[in-house]
């Protein structure tokens, strides 16, 4: 089934002409986005690899391709732009789709390959519905927050998911690798190859329970440091990790029981609070200049608040909401 809809139709197609799905334009974007220099994690930049020639745009898919016969990237923000420039053996030149551009074309339903969804969570429903049914199993989700209910609703429990532990502070910037990026699902190897080609680490997991536990770690990190950075006037995660340790510990203690009830993890499978605190602090110290945001509320902090309002986390959430309301 082919469905022709525009993602984020409120943006005019004319504004996105340079982001069409043409491979050559996607490659030009990658060259612009990633300047030919050594990245902050010490790997050669992607643009340098592109300049060396032998790009996927010049070659037809082979049996050695990790991405079948087609790769699509939906969402050309910081993460999507970075992944679009990845160049390595087994990777194809992706078709890049930005806001306002049609997501799928005639014939896509008969092809196979990863569809990397690098958008905000609120866009996921429309993207899933627009995707040809035959290709929904090819969707690769890289979002923060709790999206399991949405995936289950669409029969996508087995879809590829990734947890990103590298930071791209602004468009066209080199990534800062925090370590710990993981992927699970049918296109996990392909996603991992793209991440590694960008100079960051990525581990492929085969066990879904292990992935869920990693997902919980990331959910706690983004929710806790999101309110810390926002409440304390744009504090970096590095400074928050150094100065707000007690608040981190309190929120871990408050939020873990909510997660354990949701996943039905009893005492024998419960979360290790002290180790979680250490893990969250260490990751923050690995990307010290990053400023986490209080956003995508229903998928992050709102997911917890909907289930239980706890003292420290609840106070931080209300303070952040008041601050944002005052700015409007």
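All of the numbers you see were taken from the coordinates with simple rules; none came from a lab. Fair warning: this is a prediction, and the values are worked out from it, not measured in the lab. Heads up, the Cβs are rebuilt from the backbone with ideal geometry, glycines too, and the neighbour counts pull from every protein chain shown.
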Would you mind ranking 165, 297, 283 by Cβ crowding within 10 Å, fewest neighbours first? 297, 283, 165
Report the label-to-label distance for residue 326 and residue 171 in nanometres (one decimal), using points 7 Å from each Cα along the Cα→Cβ vector. 3.1
Note on the range 75-181: contact order normalised by length, alpha-carbon pairs under 8 Å, 6 or more apart, percent, works out to 25
Most exposed first by the Cβ proxy, i.e. fewest other Cβ within 10 Å, how do 160, 243 rank? 243, 160
Classified through the alpha carbon gyration tensor (a ≥ b ≥ c as square roots of its eigenvalues; rounded if a/c is under 1.5, else prolate when a/b is larger than b/c, else oblate), the range 169-328 comes out oblate
Mean separation of Cα contacts under 8 Å (at least 6 apart) over the residue count of the range 209-327, i.e. the relative contact order in percent, is 42
Hey, fewest Cβ within 10 Å first, where do 290, 225 land in order? 290, 225
